Amino acid sequence: MTTTASTASPAYWEPLWANGRRYRQPCENEKRLMAEHLDLGQGRPALDIGSGDGNLTRHLHHGLGYRTTGVDCSPSAVALAAAAHDALPGPGPAWKCLDFTTCDLTTLPEPAYALITCRLVYRWMDDKQSFLNRVRRVLAPGGTLWIVTEVAGRRTTTDPDLLGLGISTADAELLTTGWSVVHTADLDVLRCYTLRP
């Protein structure tokens, strides 16, 4: 009997990154929304969970002024992100190969983060409540959680594999429960969530 790797695990993501799979980059509209909804970093720590090739991590670091760490469970993704940064001038983000869903959170470079981002990752979490609980443990008081995720039912396709990529209404309700501030903005099939305790 063959078992399928959890979609939140390194066993699922490493072969995809290692074999050249790439994912949607933040567009100018998404960067504009970040500028509108996120505070300037002013050197405060930020954590980008599921950083992939590091595009968002670098934008947070160089564009918004955070002291950013990108973490991903795929060694190939982390190597790709670090190599891409080597071409940029000046100090850049820190990179760490780490499975946020299972790691000892004390191994993170900072005890708490002013900003935590999770782009195109939340949908893949098997236990979304546990994931959000872990995020809250390392989010600084007054900090911000920025999540970008696809929403179910927005694609104009009949392909069941593509239709299933978005989060359900129940997943969205779980995501937004328990925050004092919830802002959303839509970008085609994606929704951006700004969440504050």
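In a GNM of the chain with a 10 Å cut-off on Cα contacts, which of SER130, SER180, SER51 has the highest mean-square fluctuation?
SER180
Once both labels are modelled 7 Å past Cα along the beta-carbon direction, what's the ALA79-ALA170 spacing in nm?
Result: 4.0 nm between the two label points.
Sticking with the crude label model, points 7 Å out along Cα→Cβ, report the distance from LEU16 to GLU36 in nm, one decimal please.
Placing both labels 7 Å along Cα→Cβ, they lie 2.9 nm apart.
What whole-number value in Å² describes the accessible area per residue of region 26-84 for a 1.4 Å probe? The partial results should precede the final answer.
Working: 2160 Å² over 59 residues.
Heavy-atom accessible area per residue stands at 37 Å².
Relative to the Cα centre, what is the charge dipole magnitude of region 54-112, using +1 at the beta carbon of each Lys and Arg, -1 at the beta carbon of each Asp and Glu, and rounding to the nearest 20 debye? Please report the intermediate quantities before stating the final value.
Details: 3 positive and 5 negative charges, 38 e Å.
In debye, rounded to 20, region 54-112 gives about 180.
Grab every C-alpha pair in region 8-114, bin the distances at 5 angstrom width from 0 up to the longest one, and report whole percents.
Computed distribution, short to long bins: 2, 13, 22, 24, 20, 14, 5, 0.
Beyond 21 Å, what percent of the Cα pairs of the chain remain? Provide the component values of the computation, followed by the final result.
On the way: 9751 of 19306 pairs.
Summing the P(r) tail past 21 Å for the chain gives 51 percent.
Using the Cα centre of the chain as the reference point, and only Cβ charges (+1 on K/R, -1 on D/E), how large is the resulting charge dipole? Debye, rounded to the nearest 20. Write down the numbers at each step before the final one.
Values: 19 positive and 21 negative charges, 66 e Å.
Result for the chain is approximately 320 debye, rounded to the nearest 20.
The values are calculated or read from the model by the stated rules, or taken from the named source; none is laboratory data. In this text, all values refer to a predicted model and were calculated from it rather than measured experimentally. We place every Cβ from the backbone using ideal geometry, glycine too, and count neighbours over all the protein chains shown. Ligands, DNA and RNA are stripped out before the accessible areas are found, and what is left, the full protein with its side chains, is counted by its heavy atoms. Shrake-Rupley method; radii C 1.70, N 1.55, O 1.52, S 1.80 Å.
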